[in-house]
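Participant: The following block contains the structure, expressed as structure tokens.
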Amino acid sequence: MSSILNADLHCHSVVSDGTLTPEELAARAAANGVELWALTDHDEVGGQHRAAAAARANGIRYLTGTEISVTFANETVHIVGLGFDPDDAAMTQGLYDTRGGRGKRAQEMSEGLAKVGIHGAYEGALKFVGNPELISRTHFARFLVEQGHCRDTPEVFRKYLTEGKPGYVPHRWASLKDAVHWITAAKGMAVIAHPGRYKFTANEEYALFLEFKAHGGRAIEVVTGSHTTAEYVEYADKALEFDFAASRGSDFHSPDESHCDLGKLPPLPGALTPVWELLSHRIQQ
């Protein structure tokens, strides 16, 4: 398989904070020419068997996926896992424990919003949640848009849900070591998601890459929905520098919210090793 394969290895369904079912995503991926797909719901593998069956039904090859939230240098960093056993007991338990903090955090977010006159946000956000264990800022944002407080979800994040704003509550996630270990012990590969999104200094990013690699991490997302064209080049260079394989994924959540649709990214730069070459034995036909 070459670097020009139309692989989309990062997206979300109603099992976490997307708006489409795994089956709807598989059909959309197929319609958009995706040849290899992974569903990567946040801290959850509950949609994996449905996604794999839907991929088969739509004639797409499939890799299992998840996106694990970790705390590194006081920032939330996302680690995508690909090609793992979705029924691995240690990984399933680790993800369950990671999800456990979301409910309390959501209640505190609702309390913060109430102080600025936005009441009933927790109950309102729940209307948008497919899986109550995974209630997130995105669900609150959809509620605030529905209620007319903001025009769209990015405006909600800017005004209410980022650090220093009324609805922001930090959450302590898994450690980087734990996330990488869960993935690799379940026969998968760990990938740093959208590295261009984190507000790290050059030294902090270097430390992240080194520690990730030391724990057994093998790849980074180079071409992804939130990266600029310049960041494609920057992280292609970083992949070569650290001997990482390269991944590609839209981070698609919703037809109405995502600025990049499934399968619509440019190909990986040719000098890189695509992550799917290293995971060819884990791909479901």
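The values are calculated or read from the model by the stated rules, or taken from the named source; none is laboratory data. This structure is a prediction, so every number in the text was calculated from the model and none was measured. Positions of Cβ are generated from backbone atoms using ideal geometry, with glycine treated the same way; all protein chains shown enter the neighbour counts. Only protein heavy atoms, including side chains, enter the accessible area calculation; ligands, DNA and RNA are left aside. Shrake-Rupley method; radii C 1.70, N 1.55, O 1.52, S 1.80 Å.
Participant: Run a plain Debye calculation on the range 1-136 (Cα atoms as equal point scatterers, no solvent) and give log10 I(q)/I(0) at q = 0.11, 0.16, 0.17, 0.19 Å⁻¹, rounded to two decimals, same order as the q list.
Facilitator: After summing over all Cα pairs, the log10 values are -0.46, -0.86, -0.93, -1.08.
Participant: Calculate I(q)/I(0) for the chain by the Debye formula, one identical point scatterer on each C-alpha and no solvent, and give its log10 at q = 0.11, 0.12 Å⁻¹ to two decimals.
Facilitator: -0.60, -0.72
Participant: Give the angle, between 0 and 90 degrees and rounded to the nearest 10, that separates the Cα long axis of helix 22-31 from the longest principal axis of the Cα atoms of the chain.
Facilitator: 50 degrees
Participant: So for the chain: antiparallel DSSP bridges make up what percent, rounded to the nearest 5? Before the final figure, lay out each step's value.
Facilitator: Working: 13 of 28 bridges.
Antiparallel: roughly 45 percent of the beta bridges in the chain.
Participant: Here's another thing I want to ask about it. Give me the distance in nm between label points sitting 7 Å out from Cα along the Cα-to-Cβ direction at residue 206 and residue 76, one decimal.
Facilitator: Taking the two extended label points, one gets 2.9 nm.
Participant: If you take the square roots of the eigenvalues of the alpha-carbon gyration tensor of the range 156-246 and sort them as a ≥ b ≥ c, do you get rounded (a/c under 1.5), prolate (a/b over b/c) or oblate? The partial results should precede the final answer.
Facilitator: Values: a/c = 2.08, a/b = 1.31, b/c = 1.58.
Judged from the Cα gyration tensor, the range 156-246 comes out oblate (a/c at least 1.5, b/c at or above a/b).
Participant: Separate question: With axes computed from alpha carbons, what is the tilt in degrees of helix 229-242 against the longest principal axis of the chain, rounded to the nearest 10 within 0 to 90?
Facilitator: In the chain, helix 229-242 runs at an angle near 60 degrees to the longest axis.
Participant: Relative to the first principal axis of the alpha-carbon coordinates of the chain, what is the inclination of helix 176-185, with its axis defined by its Cα atoms, in degrees from 0 to 90 and to the nearest 10?
Facilitator: 50 degrees
Participant: How much mean residue ellipticity at 222 nm does the chain get from its helices, if each DSSP H run of length 4 or more adds -39500 (n - 2.57) and you divide by all residues, to the nearest 500 deg cm²/dmol? Could you put the intermediate results ahead of the total?
Facilitator: Numbers: 11 runs with 105 residues, N = 285.
Mean residue ellipticity, 222 nm, calculated: -10500 deg cm²/dmol.
Participant: What is the magnitude of the charge dipole of the range 88-234 about its Cα centre, with +1 placed on the Cβ of each Lys and Arg, -1 on the Cβ of each Asp and Glu, and no other charges, expressed in debye to the nearest 20? Before the final figure, lay out the partial values.
Facilitator: Working: 19 positive and 17 negative charges, 51 e Å.
So the magnitude is around 240 debye.
Participant: Then there is this: Give the relative contact order (percent, whole number) for the chain; include only Cα pairs under 8 Å separated by 6+ residues.
Facilitator: Taking the mean separation of contacting Cα pairs over the length of the chain, I get 23 percent.
Participant: Could you list, bin by bin from short to long, the percent of Cα-Cα pairs of the range 131-285 in 5 Å steps?
Facilitator: 2, 8, 14, 17, 18, 17, 13, 7, 3, 0
Participant: With charges set only on the Cβ (+1 for Lys and Arg, -1 for Asp and Glu), what does the dipole of the chain come to about its Cα centre, in debye to the nearest 20?
Facilitator: Working: 27 positive and 37 negative charges, 63 e Å.
In debye, rounded to 20, the chain gives about 300.
Participant: How fast does the range 56-182 diffuse by Stokes-Einstein, in µm²/s, taking the Kirkwood radius from C-alpha pairs at 4 °C and 1.567 mPa s?
Facilitator: Details: Rh = 16.1 Å.
For these conditions, the coefficient is 81 µm²/s.
Participant: I'd like to check one number: the per residue accessible area of the chain, probe 1.4 Å, reported in Å² as a whole number. Each step should come with its number before you reach the end.
Facilitator: On the way: 11940 Å² over 285 residues.
So the chain comes to 42 Å² accessible per residue, rounded to a whole number.
Participant: Within the range 126-182, list the GluC sites (Glu not before Pro) lying in a DSSP loop whose Cβ has at most 14 other Cβ atoms in a 10 Å radius.
Facilitator: Taking the range 126-182 and a limit of 14 other Cβ atoms within 10 Å, the loop GluC sites (Glu not before Pro) found are 163.
Participant: May I pose another question? Could you sort the peptides 4-15, 265-276 by per-residue average Cβ neighbour count (10 Å cutoff), highest mean leading?
Facilitator: On the way: 4-15: 23.8, 265-276: 19.3.
Descending mean neighbour count gives 4-15, 265-276.
Participant: Hey, another quick one. Pick out, from 195, 95, 208, the residue whose Cα sits farthest towards the positive end of the charge dipole of the chain, with +1 on the Cβ of Lys and Arg and -1 on the Cβ of Asp and Glu.
Facilitator: Going by the charge dipole, the pick is 95.
Participant: Next question, about the same structure. State the answer as a single residue: which of 240, 222, 250 lies farthest towards the positive end of the charge dipole of the chain, with beta carbon charges of +1 for Lys and Arg and -1 for Asp and Glu, about the Cα centre.
Facilitator: The Cα lying farthest towards the positive end belongs to 250.
Participant: Across the chain, how many lysine pairs separated by 8 or more positions, or lying on different chains, have Cα atoms within less than 19 Å?
Facilitator: Taking the Cα cut-off of 19 Å, the pair count is 12.
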